[in-house]
Amino acid sequence: MISPQKHIRSVVRGIGSYLPARSVSNADLEKMVDTSDDWIVQRTGIRNRHIAGEGETTSTLATAAARAALDDAGLTAADIDLIIVATSTPDYTFPATATQVQAAIGMAHGAAFDLQAVCSGFVFAVATADKFLISGSHKRALVIGAETFSRLLDWSDRTTCVLFGDGAGAIILEAQEGTGAISDRGVLTSHLRSDGRHREKLFVDGGPSTTGTVGHLRMAGRDVFRHAVGMVADVMNDAFKATGTTAADLDWFVPHQANRRIIDASADKLGIPHEKIVVTVDKHGNTSAASIPLALATAKADGRIKPGQLVMIEAMGGGFTWGSALIRW
Ligand code: ACO
């Protein structure tokens, strides 16, 4: 006789975030490059961003977010057996930033590794952690998006330096038994895509195996914009199809925070009302893999996201990579 199927779900147990103290406004940038608050706000919706200070690195930001998530969950490092850090700005070429977070929180068991999918990194990390948890191999995962993009920017290039910021966000996913229905709490579905033919549109012009340097971020902004909306709409539709849900079922839409115009156009394409969108790009800029967990933490802290609610996350970034995940909080 076939035993009844167990449905393990990866349920959000806690969330935390960290932003560096140094806050940089558009007016501050006007003093550094030929730009204006008007131009930046109109084209991107960004008004402010945080920049890591001396002594702060991706792992220190990630560790602060991880500690906040552990506190929120009422757990300690002993309760975690997997750490995934999504980042494109690791402390070092190796070891993985995740191992530095592991050491900093006092954890010497389990496994820790980095995942690199640029701005889509957090969605890729959630999907990866979910696969580990539902397989039964691990019980609780710290899933972190952390970046110090300020260290990759060409601060003389006004077309890119005004867009990005630093920060970190973390969630704890815990394997819990569900029913298999979409009323279950946890990650209900995830959809990941990539297409390496788009490298030239958004890349860093250095690396250990090419130039032997770190390099600077380069972007053909218009080309990225042109692809972004269609790509994220595709993977959100995949999530709706896989779960039999529609945009009307969403409580919150928490997109990657790159640009207000991309966010609004994506929501409009899918018929998601603007009052359901969580927007933090105005305050944080584009923090790449950190942007979604920072936005989730903001909306959880101010009481918008509540247990049982249906939350869509999505992102698109360098590669290109893109993906979505539907989570019942
Ligand atoms: N301040 C003032 N003027 C500027 C600035 C600036 N910071 N940057 C560019 N300009 C000028 C350009 O030089 C150009 O001047 P010109 O007409 O005299 O040549 C003019 O503004 C228009 O430039 P465009 O690049 O065509 O401006 P566009 O309307 O496309 O906006 C932007 C640029 C904001 C980058 C837009 O293309 C965009 O948002 N693209 C998406 C890219 C993105 O968000 N990437 C993030 C990483 S990927 C991701 O996270 C999804």
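The values are calculated or read from the model by the stated rules, or taken from the named source; none is laboratory data. None of these values were measured; they are calculated from a predicted model. When we count neighbours, we look across all protein chains shown, and the Cβ atoms used for this are built from the backbone with ideal geometry, even at glycine. Note: accessible area is taken over every heavy atom of the protein model, side chains too, but ligands, DNA and RNA are not part of it. Shrake-Rupley method; radii C 1.70, N 1.55, O 1.52, S 1.80 Å.
Filter 6/241; 131/269; 241/283; 131/306; 139/283 down to the pairs with a C-alpha to C-alpha distance above 27 Å, please. Listed pairs above 27 Å: 131/269; 241/283; 139/283.
For the pair residue 38 and residue 156, a Förster radius of 22 Å applied to the C-beta separation gives a FRET efficiency near 0.55, rounded to the nearest 0.05.
Both radii are taken from the alpha-carbon atoms of region 46-127; with Rh as the Kirkwood radius, Rg/Rh is 0.97.
With both labels modelled 7 Å from their Cα along Cα-to-Cβ, the residue 92 to residue 269 distance reads 4.1 nm. Solvent-accessible surface of region 8-177, taken per residue with a 1.4 Å probe and all protein chains present: 38 Å².
Across the accessible surface of the chain, with the other protein chains kept in place and a 1.4 Å probe, carbon and sulfur atoms take up 52 percent. Placing unit charges on the Cβ atoms only, positive for Lys and Arg and negative for Asp and Glu, gives the chain a dipole magnitude near 520 debye about its Cα centre.
Within the chain, the ratio Rg/Rh, alpha carbon atoms throughout and Rh by Kirkwood, equals 0.96.
Highest mean packing first, where packing is the average number of other Cβ atoms within 10 Å per residue, the peptides 170-179, 49-58, 137-146 line up as 137-146, 170-179, 49-58. Sorting 257-264, 181-188, 194-201 by their mean Cβ neighbour count within 10 Å, with the most densely packed peptide first, gives 257-264, 181-188, 194-201.
Applying 1/(1 + (r/R0)^6) with r as the Cβ-Cβ distance of residue 27 and residue 306 and R0 = 35 angstrom yields a FRET efficiency of 0.45.
Summed over all non-identical Cα pairs, the Kirkwood treatment of region 186-328 gives a radius of 15.8 Å. Shown for the chain are the DSSP H helices of 18 Å or more along their axis, judged by Cα atoms, with a mean Kyte-Doolittle hydropathy of at least -0.5: 58-73, 121-135, 221-243. Annotation for region 60-92 versus region 27-52: alpha-carbon center distance of 30 Å.
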